[in-house]
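The values are calculated or read from the model by the stated rules, or taken from the named source; none is laboratory data. Everything numeric here is computed off the predicted structure, so don't read it as measured data. Backbone-built Cβ (ideal geometry, glycine too); neighbour counts: all protein chains shown. In case anyone asks, the SASA skips ligands and DNA or RNA and just uses the protein heavy atoms, side chains included. Shrake-Rupley method; radii C 1.70, N 1.55, O 1.52, S 1.80 Å.
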Amino acid sequence: MKKAFVFGAIFLASSIGMAAPVKTSRELLKDYTKQIKEFMYKGGTAKSLESSSAAHKEIIKQINIPGKSFDLEKSLSNSGSASRIESMMTVLAAKKLSTEIIKTDAVEGKSMLESADATAKLIANNYLRDANKPSELGTNLELVTKTLDKMENELPAKILVDFSVTERAAYVKIIEKYDLLNNSPGAKRAEDNFVQAIMEVKKVDRTKALELVKKLKECV
């Protein structure tokens, strides 16, 4: 693997060590993400890493989600992956930040770590989103598709920082169920599986599940 894409112990120690304790979690996450991007992009952008297998492998190695390496590699090399690569930088920053937060707030740190792993799994499922599969969602299909797009590409930082511990716990359960349904034999279309995951975890009907989907889409 090219040296440019190897995280060194010195880099991690220096980037974490500079975090000012008076900063908010959002500010710290922004700092961590900025430094990780600078190190990984080497003056380039997420777009420049879209076709870099070496970069993808290093991101996957650092994220370290057992059993998801293949899925992540497919999703990061999939068409238009720049925004997903950006999201993975946020996920990686959150995982590093959570190890610091755990030292003073074990519950919050553990919650951030688990939701970071769940977000990585959400992104790993991108390549399974087959637009050619039939759907039972009818006119609601576009809503769910756009919501999944937003969750993968725009919401990771908000979910990881702004959600409460309780909200993150529900999010993690939904993504775990979504991941399970997507990878089950004879799996339905991903959008249908996402709605089904919400229904099962929240114990609500489809109408209520779609209301939650709409709230996520409108989340800013």
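Worth a mention:
- Rounded to the nearest Hz, the phi-derived 3J(HN,Hα) couplings of the range 113-127 under the Karplus curve 6.51 cos²θ - 1.76 cosθ + 1.60 (θ = phi - 60°) are 4, 5, 6, 5, 4, 5, 5, 4, 5, 4, 5, 4, 7, 4, 5, where x marks glycine and proline.
- Backbone HN-Hα couplings from phi across the range 153-168 [Karplus 6.51/-1.76/1.60, Hz, Gly and Pro as x]: 9, 10, 9, x, 5, 5, 4, 6, 10, 7, 5, 6, 4, 5, 5, 5
- Farthest toward positive dipole pole in the chain [+1 Lys/Arg, -1 Asp/Glu at C-beta], among ILE175, SER83, VAL213: SER83
- Relative to the dominant Cα principal axis of the chain, helix 53-63 is inclined by about 90°.
- Per residue accessible area of the chain, 1.4 Å probe, in Å²: 50
- Among THR33, THR99, THR24, the largest mean-square fluctuation in a Gaussian network model of the chain (Cα springs under 10 Å) belongs to THR24.
- Apportionment of accessible area to carbon and sulfur, the chain, percent (1.4 Å): 56
- Folded to 0 to 90 degrees: helix 190-202 orientation relative to the chain principal axis, Cα: 90
- Dipole-positive endmost among PRO185, LEU28, VAL144 within the chain (Cβ charges, Cα centre): LEU28
- The angle separating the long axis of helix 82-101 from the principal Cα axis of greatest extent in the chain is about 60 degrees.
- For the range 42-131, size of Cβ-based charge dipole, Lys and Arg +1, Asp and Glu -1, in debye: 200
- Magnitude of the charge dipole for the chain, about its Cα centre and with charges confined to Cβ atoms of Lys, Arg (+1) and Asp, Glu (-1), is about 280 debye.
- Pairs of Cα atoms farther than 18 Å apart, the range 112-219, %: 43
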